[in-house]
Amino acid sequence: MAIPQDDLEFAAKRAGEGRSQVVIRPPRLGGDEMNLAEFPFTLLADRQPDGVESIQFSDTIRGKGGEAVERTWIVTGGEEFGLPVASDEQVYVALMEVTREQNYANRVIHLTRYDLIHRLGWPDKGGSYRRLKAALDRLLGVTITAKQAFWDKSRQSYVDVGFHIIDDYALYSELRGRKASGPDRPLPRSYIAWNEVIFASFRAGNIKQLDTGFYFGLRSAVSRRLFRYLDKKRLDGKPAFRIDLRKLGFEKLGMSRNYYPSHIKQELDRAHRELIAHGFLAGFEYYRPGRDVGERVKYWFPTTSRTVPTGPQADLLDQLTDIGITASVARRLLTQNADEVARQLEYLPYRDPNDPPAMLVEAVRNSWAAPASYLKTQAAEGQARRAAEEERQRRAQRRNELDQREQTLARCRRALDALSPAEHQQIEAQARRKLREDNPALAAHPDTTAYEIVLLDYIAALLES
């Protein structure tokens with residue numbers, strides 16, 4: 001990923017021969033524990049709703065042997081301090097940055113309050129220090145109960161485990177300074193101690209690098225959380241990632257379960273625009289694999305060429321695997337008749353299949369005809385398109401007529417200005433007589449705007465005759 005502009009510091013210094021020296025500050029880098037990147041551990045808002053003491057997330061994945069593994073992740077706030085809020089995730093990221101700089105050597109990391117405030121980008125004021133302490137209290141008090149949802153890398157299996165994020169901390173008023181230690185200065189007295197379960201995961205290597213400069217450059221909580229989640233998902237090197245829309249919104253980002261899909265997309269779209277603008281995403285799309293299948297979202301990650309894969313074969317392969325056809329069968333179908341695959345994929349949502357993969361394979365192999373519901377929908381869409389085109393043509397014709405009339409009236413005004421007063425009066429009198437003959441009802445109201453407009457049309461006709 002390109003170094004974010006906010007993490008570049010240029011200092012041009014005039015040298016003896018007039019050359020400039022460019023000094024670049026390296027990007028900020030931290031880490032992210034993989035389990036904490038997979039499921040939320042904070043609310044998505046900066047305020048805890050009344051009566052909400054815990055939040056729960058769940059999903060189902062395939063285990064090593066292909067069996068379904070149901071994972072449940074329960075986050076329970078401390079009795080006194082409550083659930084962690086959105087900004088507490090930023091504190092976690094800043095703590096991980098410090099931990100990485102100290103080489104994950106000890107679960108106790110030494111720091112200063114000022115250093116953390118500086119990393120977070122908060123103002124150096126009393127309110128920020130109180131805010132930091134409140135965040136640490138919530139991270140200290142929160143309990144996460146994972147049921148088959150915590151990946152133990154040392155054992156290569158999902159386990160049931162309950163843990164806190166940090167076990168204890170101490171904050172002291174100390175001299176300002178970013179570095180935790182130096183050759184002539186002792187370690188800061190302030191510290192936080194990671195929970196033993198989390199730190200064991202660090203030491204087992206179940207962490208990924210996180211561009212903290214990029215993270216803190218994002219504006220919204222949804223953008224930051226989506227970035228952390230997708231940053232984990234792109235580790236497999238694939239150019240794209242697909243996920244059910246509701247699963248993403250509810251189980252991975254922690255949105256309100258009262259949201260409709262349209263509301264989820266509304267919240268996501270703001271994050272999408274930000275992540276695309278910052279170069280993290282190359283693109284995205286919403287789509288529905290079948291009529292009775294929930295809507296999904298697909299993301300493309302930037303490649304070295306910064307292009308989104310758009311090849312028809314690759315897109316068809318994605319669609320086939322999305323509905324459950326194995327990659328080998330999908331490739332064979334595409335090799336045999338890619339055009340038929342494209343047609344049958346278009347027809348599939350209208351067949352109301354109980355077993356979409358089996359039905360699609362059979363439809364491709366036997367070139368099934370389009371279903372009646374598809375033909376009916378196409379006819380209705382065609383009629384709507386024709387009606388829209390006819391309306392577009394009527395509007396264009398009306399605009400053209402108005403443009404021609406304006407041009408005619410402009411010529412009329414120029415011609416009238418060139419006439420003598422006597423000629424002007426003569427032409428106007430002829431036009432009034434002609435208007436009375438053709439439209440006596442309108443002629444009875446010579447003081448109206450309609451009369452003046454029509455009279456000008458008659459004058460123009462006389463001038464151009």
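Just so you know, all these numbers are worked out from the coordinates, no wet-lab data involved. Being a predicted model, the structure only gives us computed values, none of them experimental. Note: ideal-geometry Cβ built from the backbone for every residue, glycine included; neighbour counts use all protein chains shown.
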Inset, instruction - Please list 380-386, 403-409 highest first by mean number of surrounding beta-carbon atoms within 10 Å per residue. - result: 403-409, 380-386
Inset, instruction - Pull out the extension gain between ALA450 and GLU196, defined as 0.36 nm times the separation in residues minus the alpha carbon to alpha carbon distance; nm, one decimal. - result: 82.8 nm
Inset, instruction - For the chain, find the longest principal axis of its Cα atoms and tell me its angle to the long axis of helix 312-322, 0 to 90°, nearest 10. - result: 60
Inset, instruction - Calculate one ³J(HN,Hα) per residue across the range 101-109 by plugging θ = phi - 60° into the Karplus curve 6.51 cos²θ - 1.76 cosθ + 1.60, and present them in order as whole Hz with x for glycine and proline. - result: 4, 9, 6, 6, 6, 8, 6, 9, 10
Legend entry - Cα pair distances of the range 374-464 binned at 5 Å [whole percent]: 2, 12, 16, 15, 13, 10, 7, 6, 6, 5, 4, 3, 1, 1, 0
Legend entry - Degrees separating the helix 449-464 axis from the principal Cα axis of the chain, which is the longest one: 60
Legend entry - Rh by Kirkwood over Cα pairs, then Stokes-Einstein D for the chain at 1.567 mPa s and 4 °C, µm²/s: 46
Inset, instruction - Would you grab the residues whose amide H sits under 5 Å from the one on SER157? Only those 5+ places off in sequence or on another chain, please, with H modelled 1.01 Å from N. - result: ASP152
Inset, instruction - Tell me the Kirkwood hydrodynamic radius of the range 102-150 in angstroms, computed as one over the mean inverse distance between distinct C-alpha pairs. - result: 13.1
Inset, instruction - Please get the size of the charge dipole for the range 232-294, origin at its Cα centre, with Cβ charges of +1 on Lys and Arg and -1 on Asp and Glu, quoted in debye to the nearest 20. - result: 140
Inset, instruction - Answer with one residue from ILE144, GLY205, LEU187: the one whose Cα lies farthest towards the positive end of the charge dipole of the chain, charges on Cβ with Lys, Arg +1 and Asp, Glu -1. - result: LEU187
Legend entry - Charged-residue dipole, Cβ positions (Lys, Arg, Asp, Glu), the range 100-145 about Cα centre, Debye nearest 20: 140
Inset, instruction - Give me the number: length gained by fully extending ALA429 to ALA314, i.e. 0.36 nm times residue separation minus the C-alpha to C-alpha distance, one decimal in nm. - result: 33.9 nm
Inset, instruction - Can you spot the lysines whose alpha carbon is less than 19 Å from LYS298's alpha carbon? Ignore those fewer than 8 places along the same chain. - result: LYS232, LYS233, LYS238, LYS247, LYS252, LYS265
Legend entry - Unit charges at the beta carbon, dipole of the range 374-464: most positive-side option, LEU442, PRO421, ASN400: ASN400
Inset, instruction - Report, in debye and to the nearest 20, how large the dipole of the chain comes out about its Cα centre when Lys and Arg carry +1 and Asp and Glu carry -1 on their Cβ. - result: 1040
Legend entry - Mean-position separation - Cα centroids, the range 411-432 and the range 230-256, in angstrom: 74
Legend entry - Packing rank of 84-97, 116-129, where each peptide gets the mean count of other beta carbons within 10 Å, highest leading: 84-97, 116-129
Inset, instruction - Order these peptides, 393-401, 132-140, 419-427, by their mean beta-carbon neighbour count within 10 angstrom, highest first. - result: 132-140, 419-427, 393-401
